[in-house]
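Enquirer: A single structure is presented below for examination.
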Amino acid sequence: MLFTARQVIRTQSYISANRALSTRASNILSALGISPEGEIHGVYDGQWRGSGEIMTSTCPTTGEELARIRTATKEELREALERTREAYTIFRNVPAPKRGEILRQIREALSAKRDELGALVTLEMGKIRTEGVGEVQEFVDICDYAVGLSRMMNGRVIASERPEHSILEVPNPLGVVAVLSAFNFPVAVYGWNLALSMASGNATIWKPSPTTPLCSIAVTKIIAGVLENNGVPGAVASLVTGGKDTGEALVNDPKVELVSFTGSETVGRIVGQAVMSRFGKTILELGGNNASIIMPDADLSLAVPAVGFGAIGTAGQRCTSTRRLYLHRSIASDFLERLQKLYKSIKPGDPLEQNTLLGPLHTRTACNTYATAIKHLKGIDSDILIGGKKYDHTPFGAGNFVEPTISVPKSVNMLDSIWTTEVFAPILNVGIFDELDQAIAWNNAVPQGLSSSLWTRDIRNVGKWIGPSGSDTGIVNVNVGTSGAEIGAAFGGNKSTGWGRESGGDAWKQYVRWSACTINFSNQAPLAQGVNFSA
């Protein structure tokens with residue numbers, strides 16, 4: 001169901017002389033214990049505070065101001081870091097299974113508010129309701145994973161060449177982990193990091209995107225309650241809202257052992273260089289620019305909807321969104337006809353409504369980026385099969401709604417920015433190939449390396465695709481779209497995507513410090529390699 005401007009106005013309830021908030025927004029905030037009245041504290045380190053600049057949260061669907069948040073001053077940030085460090089010195093000595101029990105309780109608390117948190121993600125970020133709830137479910141799932149992990153964070157016993165010696169590889173807590181998350185997954189990315197960081201015995205300080213502060217405040221309130229009930233310092237999961245200066249301070253602080261950054265390649269390069277200059281650790285999750293390849297033997301009844309979701313889901317604002325589509329010449333016309341039919345069936349609407357499949361872009365700036373990309377495509381004489389405009393008519397005049405677009409450039413020139421630059425909007429560029437080797441070369445010819453997808457039923461194609469001459473991305477799928485990863489495997493990409501890994505697999509090993517410990521339980525003290533240093 002589409003909402004109308006008249007309905008929005010009718011549901012407004014005035015909460016102050018200067019600002020009005022729609023009932024749809026105030027009900028969601030109230031359900032999560034966030035008062036829509038006055039200014040909201042945006043700093044937590046065991047206590048809620050914040051006396052810095054005011055940050056405004058804006059609904060991308062209606063354009064209404066949702067809340068005003070008081071961010072951290074320089075002094076409050078310094079104090080929050082100190083308290084996070086103090087919390088780490090306590091939490092690192094808590095047995096790992098006990099840390100797992102705390103994570104289990106966090107999982108239960110999040111699950112109890114899953115639908116409410118999902119609605120807040122939709123309200124503040126703009127993704128549709130089912131995706132908002134699904135994002136919170138990712139946090140719940142990674143907590144499940146981390147609970148089990150807390151009893152299996154194993155080191156290794158290595159055979160020594162010396163008699164009556166053993167070598168151990170021992171993981172220990174790392175320290176303070178700073179998580180700088182992006183707007184498009186304002187809950188899940190923090191969850192991936194927090195769950196593994198806590199299981200490892202670290203303390204975490206979260207600096208969320210400046211445009212999604214309410215999601216971070218709501219999540220932190222839930223986690224803080226669990227920590228308090230267990231007598232654990234709240235600064236084990238600190239929060240500091242703020243802008244560029246806050247992020248820079250965390251990145252450059254030598255007391256932050258690990259910085260996990262999700263965002264653009266441009267900023268990620270700056271973060272990586274800054275942290276490396278002080279010999280800190282980084283986890284970088286940067287640009288995507290992902291491709292799907294459709295072979296002539298592909299099951300189009302599966303491939304078409306998967307490509308559609310990959311390109312349109314979250315209005316094209318996932319790191320794993322499908323931005324490039326390479327079609328075998330023999331099936332290109334049929335595939336594009338089916339895909340256009342799917343696109344025409346997708347109608348924009350209020351993302352809080354259960355049947356809406358297309359929500360808004362997150363900001364007006366994103367709309368401008370979309371318009372610039374469309375202008376470039378038209379400038380190189382691309383064939384715009386569908387889309388290419390912003391929705392300006394009622395009820396979307398105040399929101400950031402754009403038409404999902406399919407573009408067929410005249411050629412696949414891998415030097416052109418339309419292929420090599422990630423545009424965070426629902427624009428899908430199509431190329432036609434004749435041989436799989438050609439499509440793989442196009443897939444690999446971009447700076448980014450996050451996700452890729454091959455659609456085929458030929459095992460020979462599968463072997464090539466996942467092998468040494470195949471896709472060079474961190475996520476290499478077969479008959480699965482580029483978007484929608486599970487938490488069990490490590491998530492991350494190669495090349496300018498940053499080489500970082502989060503979530504499952506061996507990702508936890510980045511959140512600990514490793515020591516090689518040689519233990520001598522003999523009556524001799526032999527040297528390795530047979531070295532003799534007897535006087």
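The values are calculated or read from the model by the stated rules, or taken from the named source; none is laboratory data. Just so it is clear, the model here is predicted, and its values are computed rather than measured. Virtual Cβ from ideal backbone geometry, glycine too; neighbours counted across all protein chains shown. For the accessible areas, the whole protein counts, side chains as well, though only heavy atoms, and no ligand, DNA or RNA atoms are used. Shrake-Rupley method; radii C 1.70, N 1.55, O 1.52, S 1.80 Å.
Enquirer: Determine if the range 513-529 includes at least one residue that is surrounded by 14 or more Cβ atoms within 10 Å (Cβ to Cβ), assigned to a loop (DSSP other than H, G, I, E, B) and hydroxyl-bearing (Ser, Thr, Tyr).
Expert: The answer is no; no qualifying residue exists.
Enquirer: I've got another one for you. Does the range 464-486 contain at least one residue that is surrounded by 14 or more Cβ atoms within 10 Å (Cβ to Cβ), of a type in the set (A, V, I, L, M, F, W, C), touching a strand residue (DSSP E or B) at 6+ places or on another chain (Cβ under 7 Å) and modelled with pLDDT under 95?
Expert: yes
Enquirer: Somewhere in the range 314-321, is a residue at pLDDT 95 or above, surrounded by fewer than 22 Cβ atoms within 10 Å (Cβ to Cβ), aliphatic (A, V, I, L, M) and farther than 30 Å from Val512 by Cβ?
Expert: no
Enquirer: For the condition modelled with pLDDT under 95, open to solvent by less than 20 Å² (accessible area, probe 1.4 Å) and not charged (D, E, K, R), what is the one hit in Ala67, Ala25, Ala87, Ala72?
Expert: Ala25
Enquirer: Still on this structure, please answer the following. Does any residue of the range 166-175 turn out to be modelled with pLDDT of 95 or more, within 23 Å of the chain's Cα centre (by Cα) and open to solvent by less than 60 Å² (accessible area, probe 1.4 Å)?
Expert: Looking for residues that are modelled with pLDDT of 95 or more, within 23 Å of the chain's Cα centre (by Cα) and open to solvent by less than 60 Å² (accessible area, probe 1.4 Å), one finds at least one in the range 166-175, hence yes.
Enquirer: Quick check: is even one residue across the range 200-223 on the phi > 0 side of the Ramachandran plot, over 16 Å from the mean Cα position of the chain (by Cα), buried (at least 23 other Cβ atoms within 10 Å of the Cβ) and not β-branched (Val, Ile, Thr)?
Expert: Yes, the range 200-223 contains at least one residue that is on the phi > 0 side of the Ramachandran plot, over 16 Å from the mean Cα position of the chain (by Cα), buried (at least 23 other Cβ atoms within 10 Å of the Cβ) and not β-branched (Val, Ile, Thr).
Enquirer: Moving on. Cβ-Cβ under 8 Å, sequence separation 6+ or interchain: first residue in the range 380-393 and assigned to a strand (DSSP E or B), partner aromatic (Phe, Trp, Tyr). Which pairs?
Expert: Taking only residues 6 or more apart or on different chains, the pairs are Ile386/Tyr343; Lys390/Tyr370; Lys390/Phe401.
Enquirer: To continue, here is another question. Considering the range 345-381 alone, what residues qualify as being buried (at least 22 other Cβ atoms within 10 Å of the Cβ) and small (Gly, Ala, Ser)?
Expert: Those that are buried (at least 22 other Cβ atoms within 10 Å of the Cβ) and small (Gly, Ala, Ser): Gly359, Ala366.
Enquirer: For the range 439-456, indicate whether the set of residues that are open to solvent by 20 Å² or more (accessible area, probe 1.4 Å), of a type in the set (Ser, Thr, Tyr) and touching an Asp or Glu at 6+ places or on another chain (Cβ under 9 Å) is non-empty.
Expert: Within the range 439-456, none of the residues are open to solvent by 20 Å² or more (accessible area, probe 1.4 Å), of a type in the set (Ser, Thr, Tyr) and touching an Asp or Glu at 6+ places or on another chain (Cβ under 9 Å).
Enquirer: Looking only at residues that are part of a strand (DSSP E or B) and without any contact (Cβ under 8 Å) to a residue 40 or more places away in the chain in the range 448-481, which one is farthest from the chain's Cα centre (by Cα)?
Expert: Ranking the candidates gives Val478 first.
Enquirer: Still on this structure, I have one more. Over 20 Å from the mean Cα position of the chain (by Cα) and either surrounded by fewer than 24 Cβ atoms within 10 Å (Cβ to Cβ) or of a type in the set (A, V, I, L, M, F, W, C) (or both) - does that describe any residue in the range 259-272?
Expert: No, there is no match, as no residue in the range 259-272 is over 20 Å from the mean Cα position of the chain (by Cα) and either surrounded by fewer than 24 Cβ atoms within 10 Å (Cβ to Cβ) or of a type in the set (A, V, I, L, M, F, W, C) (or both).
Enquirer: State which residue is nearest to Ala218 (Cα to Cα) when the search covers only the range 126-143 and only residues that are part of a helix (DSSP H, G or I) and of a type in the set (Gly, Ala, Ser).
Expert: Gly132
Enquirer: List pairs: first in the range 354-375 and under 14 Å from Phe183 (Cα atoms), second part of a helix (DSSP H, G or I) and of a type in the set (Phe, Trp, Tyr), Cβ under 7 Å, 6+ apart or cross-chain?
Expert: Leu361/Tyr370
Enquirer: While we're on this one: Filter the range 388-402 down to residues that are open to solvent by less than 20 Å² (accessible area, probe 1.4 Å) and closer than 30 Å to Asn413 by Cβ and give me whichever is farthest from the chain's Cα centre (by Cα).
Expert: The selected residue is Gly388.
Enquirer: Here's a follow-up. Name the residue, out of Leu377, Leu327, that is assigned to a strand (DSSP E or B), closer than 23 Å to Gln448 by Cβ, modelled with pLDDT of 95 or more and of a type in the set (A, V, I, L, M, F, W, C).
Expert: Leu327
Enquirer: Evaluate the following for Lys127: is it open to solvent by less than 50 Å² (accessible area, probe 1.4 Å), within 27 Å of His362 (Cβ to Cβ) and of a type in the set (Lys, Arg)?
Expert: Criteria met by Lys127.
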